[in-house]
Amino acid sequence: MDSRDIPGPSLADPGPAAPVSYVPTPSAAYRAHRKAAQLLDEPGPPRGAEQPSTPVPLPFAFGARVLMWKQDPSVAEIGTRKAFLPGIVLDGPRDARIVSGDPGIAPVSPNAFGDFITAPDTPQFDAVHTFAVVRQTLTMYQRALSKVGDDMPLPWQWNSSVDTAPLQVYPYGLPNTMNAFYSRSQCCLKFGDFVPSGQAERVFTCRSFDIVSHETGHAVLDGLKPAWLNADNPPQTGGLHEAFGDLTAIFLALSQLDQCEAIIAQTKARLHDKTFLADIAEQFGLALGASTGLRNADNDLTLTDAGSEVHALSQVFTGAVYDILADLFALERDPALLDDAMVLHDVGAYLRALVLRALVAAPDSAPTYADVVNQMLRLTAEDGKPVTYRNAIRNRFAVREVVESPVPPTEDHDARLVLEPGVRDRPGAVQDRRACCGTMNLAEYYDVAHVLDGEAQALARWCAEHGRTGPAAAPEPVADGWPQGESLRRR
Ligand SMILES: [Zn+2]
């Protein structure tokens, strides 16, 4: 029998009494009455704690969506992405730690949804993209430490209990300049733009995911190890700073699942095949005629090859970490059980935390590559990782001449061993930073006041030797405009 044939109770006409075994179905009129009554129901009193099914109200989730380049405008294959930045983002954009404050760009306001969605190739897009990459980089490293129980907020170098000034970001801070830098004295990141010779289109370094995250890496590491940026450190210390910048770009890409998927598809899960992951700053590299980015993390350089040239030295460290990434990925890969992109994402997360923790644990001044490698070996053992992790770390750095392995590469690493350095910096070796990014070439990290003092003293000695003793009360030398002139005035 069709259910529509069953007579139901009606408000207007209750109808004949149904048999005792018969269960009535509400009529259309009764259902309409019930719906109307429910719409007018007052909400009941809150349920008490004695009712465990009470839903817990969710905390309000602050955050803004942004539109940004995934790599840079030249990596057309993956283009732009919409990303969600958890936390409060205000006009600028700005938050408590980062401020986009370029005088050449009007502050960008969020739309009605609180989002920063702007059109590519506009100053507003550049401000949002640059801010977003800096924010993602800082968040990535904060998470890396939080996961191991260290909730360090990763202060900027100048931060103290009385100075919580944010990092200023200037996407157009270096017009007509083929460079970018992090400046501690100006508390900022500045990005250059230029027209490559023979080309018509201007290249903006702020549009590069890699360059922005690289410079942010310098700022993060300077907050942790302020002495490392000074040019009077041994060459390997400079190499660590430059390598951390490049590795930051790689780790940030690996922290984003869609980039992991693109890398897996591009390489068929073979990380030593050509991939945008290993190519650092593609558009900048293309402008300079390099087809593998400004630098290539997938390289075979050794310490003997690099000498004291900090940029080459950095690639030795970056290259070894990239090899370890590929090794750990191969070890953890299990396509029958797990998605490759997910494994790559997780291996990247472990390795970035490992490198950051090893850098934190390394000496506060003049660290060598071997110092950091030994910390990586110690931490993987403490983390309970399989010995194959330590074998990969030892073998990859041994091939690069960073450490000496007392056993053949096929033998397991003894966790109690502290490895000896392989090729060391020559005693008194001076950093050659000419090929590095703008950060490493800023005068503020060179102790230029000391150099000028030396020149002034040599001049005074020459004058004394040649009878140019001058008036008895010579006026104090004035170092107008020189930021570190105080030490000159003491003479
Ligand atoms: Zn750099």
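The values are calculated or read from the model by the stated rules, or taken from the named source; none is laboratory data. On a predicted model such as this, the values are computed, not experimentally measured, just so you know. Because the Cβ atoms are built from the backbone with ideal geometry, glycine has one as well, and the counts that use them run over all protein chains shown. Each accessible area value is taken on the protein alone, full model and side chains, heavy atoms only, with ligands, DNA and RNA left out. Shrake-Rupley method; radii C 1.70, N 1.55, O 1.52, S 1.80 Å.
Observations, loosely collected:
- Largest to smallest in accessible area, the residues R416, R270 fall in the order R416, R270 (1.4 Å probe, all protein chains included).
- Model label points for E382 and D121, set 7 angstrom from Cα along the Cα-to-Cβ axis, are 5.1 nm apart.
- Accessible-area value, C436, 1.4 Å probe, nucleic acids and ligands omitted, Å²: 10 Å²
- When Y30, Y369 are compared by accessible surface with a 1.4 Å probe, the order from highest to lowest is Y30, Y369.
- Computed from backbone phi with θ = phi - 60° and the Karplus coefficients 6.51, -1.76 and 1.60, the 3J(HN,Hα) list for region 218-235 is 4, 5, 5, 5, 5, x, 8, 9, x, 7, 6, 7, 5, 6, 8, 6, x, x Hz; x is used for glycine and proline.
- Here the Karplus relation 6.51 cos²θ - 1.76 cosθ + 1.60, evaluated at θ = phi - 60°, turns the backbone of region 333-341 into coupling constants of 5, 8, x, 5, 10, 10, 5, 4, 5 Hz, with x for every Gly and Pro.
- Of F60, F181, the order by accessible heavy-atom surface (1.4 Å probe, DNA, RNA and ligands excluded), from most exposed downward, is F60, F181.
- A dipole drawn for region 361-446 from +1 and -1 charges on Cβ atoms has a positive end, and of M440, L419, A381 the residue lying farthest that way is M440.
- Estimated dipole of region 75-148 in Debye, rounded to 20 [Cβ of Lys and Arg +1, of Asp and Glu -1, Cα centre]: 420 debye
- The R270 and S161 beta-carbon pair, evaluated with R₀ = 60 Å, returns a calculated FRET efficiency of approximately 0.75.
- Each peptide among 318-326, 272-280 gets the average number of other Cβ atoms lying within 10 Å of its residues, and from highest to lowest they stand as 318-326, 272-280.
- On region 226-286, 57 percent of the accessible area sits on carbon and sulfur atoms, based on a 1.4 Å probe.
- Listed residue (L338, A326, A358) projecting farthest to the positive dipole end of region 316-379, Cβ model: A358
- With each label modelled as a point 7 angstrom along the Cα→C-beta vector, the V148-R424 pair spans 2.6 nm.
- For region 124-135, Karplus couplings with θ = phi - 60° (6.51, -1.76, 1.60), whole Hz, Gly/Pro x: 5, 4, 4, 5, 5, 4, 5, 4, 4, 5, 4, 4
- Amide proton proximity set for V203, modelled H, under 5 Å, gap of 5+: F194, V195
- The dipole here belongs to region 102-235: it is taken about the Cα centre, uses +1 on the Cβ of Lys and Arg and -1 on the Cβ of Asp and Glu, and is about 140 debye.
- Among the listed pairs K82/K190; K147/K225; K268/K385; K70/K147; K190/K385, those with a Cα-Cα distance over 29 Å are K190/K385.
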